[in-house]
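Take a look at the structure below.
The values are calculated or read from the model by the stated rules, or taken from the named source; none is laboratory data. This structure is a prediction, so every number in the text was calculated from the model and none was measured. FYI the Cβ positions are ideal-geometry reconstructions off the backbone, even for glycines, and counts take in every protein chain you see. We work out accessible area using only protein heavy atoms, side chains counted, and drop any ligands, DNA or RNA first. Shrake-Rupley method; radii C 1.70, N 1.55, O 1.52, S 1.80 Å.
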Amino acid sequence: MNRYLQLGLLTCFYLFCSLATAYPNKPITIIVPQAPGGTNDIVGRVVAQRLGEQIKASVVVENKPGAGGNIGTQFVANAPKDGHTLLMTISSAQAINPALYKNPGFDPVNDFIPLAMVGSVPNVLVVNANFPAKNLDDFLKLVKSKPPETYQFASAGNGTLNHLLGEMLNQSYGISLQHIPYKGVAPALNDLLGGQIQIAFASLPSVLQYINTQKLVALGVSSSKRSPLLPDVPSISEKIPGFSGTLWIGLFAPKGTPKTVVDKLQKEMQLTLTNPELKEKLQATGVELANITPTEFAKQLQEDIARWAKIVKASGASLD
C-alpha cells in the first residue's frame, strides 16, 4: 500500500477515535416538549443539572411546547444525530399521541433511541372535600348505583392521560362518568377545588399539597402499587384488578445517533440516577424512580403504545 495512503488512513482513524471520545464537544440541549412548570419540566431541569455535573459538560433545558408535545418531539426527531440534542418526554406524548393524531409528525419507536426511564408519576383519583364518598369502596358503590353520567370528571383536555384514566375506569368497572375537558391542569383543579366539578384524575405532584391540606380527598392511585407519599391510599388495582396507568418520564436520543455516544449517555444517565441528592429531590415531588434498562424501557414503550391505542379507540378521542 502506498505510504501516503497509509498515513491518510491512519490520520482518518485517529481523527475518528478522537471525535468519538471527545463527546460532548458542545453544550447538550434537552428539549422538553411541554410548557415550563409541569412535572416533565421540573424533572428535566433536576436531571439536566446532575447529568451536566456527571458528564462534565453544559446541559440545558429548552421548552418547545405545542400540539400535546408533538412539536418538540418532532424537532428532536429531525435534529442532528450527534447526541447534543435530546428529548425528555412523558408517556402521554410518546405513547398516547400516536393514537390521538393521524400524523403526529414522528414515529415514537423508529425515530428515537431510549436512553433512560427516569421515573414514573402516578395519577390520583381525587374528589372535592364535600363529595359524599370518602374512600374508594364507597365511591365505586355510589357511582355504580346512580344513572349514567350522574357524575362528571375533569381532565386537562381531550386525550390526556387523566382523561383516558377516567375512560379506563368507566370501561373496567362498567360505570359512566361524564368527561368534562379543560384547557390544562390549572383550570381543572380550580373548578375541582371550588366545587364546580367533583371528580378528577390528576398527577400526584399537582394535587399533593391539596390532599395534605384536606382540600381534596385522595381515593386511589393509578399505579400498580401504593405511593410512598400516600401510603394509606390504595392502588385502584386493589379493587379493580389490571387497572394501571402512570405517567412515565424518559430521556431519548434521535435514531441515528452513533452507538458510542448512545452507550456513553446510557452509562452516564445510569450513574446520574443513582445520585442520592437527585433521588431525594425527585421523590419529594412524587416521582417514583425507575430501575429498568434501556432495553426494558423500549419494550415498555411498545407495550404502552398498544395498550393506550385500545383505550383511545374505545373512548372515541381524536385530536385531528
Which residue pairs have Cβ atoms under 7 Å apart, sit 6 or more places apart or on different chains, and have a first residue in segment 60-71 that is within 8 Å of Ala35 (Cα to Cα) and a second that is open to solvent by less than 50 Å² (accessible area, probe 1.4 Å) and assigned to a strand (DSSP E or B)?
Asn63/Val32; Lys64/Ile31
Conditions (1) surrounded by 18 or more Cβ atoms within 10 Å (Cβ to Cβ); (2) over 15 Å from Val47 (Cβ atoms); (3) modelled with pLDDT of 95 or more; (4) in contact with a Ser or Thr (Cβ under 9 Å, 6 or more places away or on another chain); number of the one not met by Thr257
(4)
For segment 260-269, indicate whether the set of residues that are of a type outside the set (A, V, I, L, M, F, W, C) and within 18 Å of the chain's Cα centre (by Cα) is non-empty.
no
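Tell me, yes or no, whether segment 219-232 has at least one residue that is in a loop (DSSP other than H, G, I, E, B), closer than 27 Å to Val46 by Cβ, aliphatic (A, V, I, L, M) and open to solvent by 20 Å² or more (accessible area, probe 1.4 Å). It would help to see each step written out before you state the result.
Keep residues of segment 219-232 that are in a loop (DSSP other than H, G, I, E, B), which gives 222-232.
Filter once more, keeping what is closer than 27 Å to Val46 by Cβ: 222-231.
Now restrict to residues that are aliphatic (A, V, I, L, M): 229-230.
Still in the running and open to solvent by 20 Å² or more (accessible area, probe 1.4 Å): 229.
Checked against the condition, which is being in a loop (DSSP other than H, G, I, E, B), closer than 27 Å to Val46 by Cβ, aliphatic (A, V, I, L, M) and open to solvent by 20 Å² or more (accessible area, probe 1.4 Å), segment 219-232 yields at least one hit.
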Take the conditions touching a residue at least 24 places away in the same chain (Cβ under 8 Å), open to solvent by 70 Å² or more (accessible area, probe 1.4 Å) and part of a loop (DSSP other than H, G, I, E, B) and apply them to Gly242. Does it pass?
yes
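Within segment 52-88, how many residues turn out to be of a type outside the set (Asp, Glu) and in a helix (DSSP H, G or I)?
Just the residues of segment 52-88 that are of a type outside the set (Asp, Glu), to begin with: 52, 54-61, 63-81, 83-88.
Remaining after also requiring in a helix (DSSP H, G or I): 52, 54-55, 67-77.
Within segment 52-88, residues that are of a type outside the set (Asp, Glu) and in a helix (DSSP H, G or I) number 14.
Look through segment 286-315, keep the residues that are of a type in the set (Val, Ile, Thr) and more than 15 Å from Thr246 (Cα to Cα), and return whichever of them is least open to solvent (accessible area, probe 1.4 Å). Show your work before the answer.
Applying the first criterion (of a type in the set (Val, Ile, Thr)) to segment 286-315 yields 287, 292-293, 295, 305, 311-312.
From the residues that got through so far, the ones that are more than 15 Å from Thr246 (Cα to Cα) too are 292-293, 295, 312.
Details: Ile292: 61, Thr293: 67, Thr295: 110, Val312: 6 Å².
Taking the candidates together, the pick is Val312.
Looking only at segment 50-98, filter to residues that are hydroxyl-bearing (Ser, Thr, Tyr) and over 30 Å from Ile311 (Cα atoms); which one of those is most open to solvent (accessible area, probe 1.4 Å)? First the steps, then the outcome.
Residues of segment 50-98 hydroxyl-bearing (Ser, Thr, Tyr): 58, 73, 85, 89, 91-92.
Subset that is over 30 Å from Ile311 (Cα atoms): 58, 85.
Details: Ser58: 61, Thr85: 23 Å².
Restricting to residues being hydroxyl-bearing (Ser, Thr, Tyr) and over 30 Å from Ile311 (Cα atoms), the top hit is Ser58.
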Evaluation of Asp107 against (1) without any contact (Cβ under 8 Å) to a residue 40 or more places away in the chain; (2) under 21 Å from the mean Cα position of the chain (by Cα); (3) farther than 30 Å from Glu268 by Cα (one fails), failing number:
(3)
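With the structure loaded, tell me whether Ala129 is under 29 Å from Tyr151 (Cα atoms) and buried (at least 23 other Cβ atoms within 10 Å of the Cβ) or whether it fails that test. If you could, list the steps in order and put the result at the bottom.
Values: under 29 Å from Tyr151 (Cα atoms): yes; buried (at least 23 other Cβ atoms within 10 Å of the Cβ): no.
No: the conditions fail for Ala129.
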In this structure, is Lys102 under 17 Å from Gln198 (Cβ atoms), open to solvent by 50 Å² or more (accessible area, probe 1.4 Å), outside any helix (DSSP H, G or I) and basic (Lys, Arg)?
no
Heads up, the helices (runs of 4 or more DSSP H) in segment 135-212 (entirely inside) with at least 3 residues that are open to solvent by 60 Å² or more (accessible area, probe 1.4 Å), among the charged types (D, E, K, R) and free of Cβ contacts under 8 Å to residues at least 60 places away in the same chain are 136-145
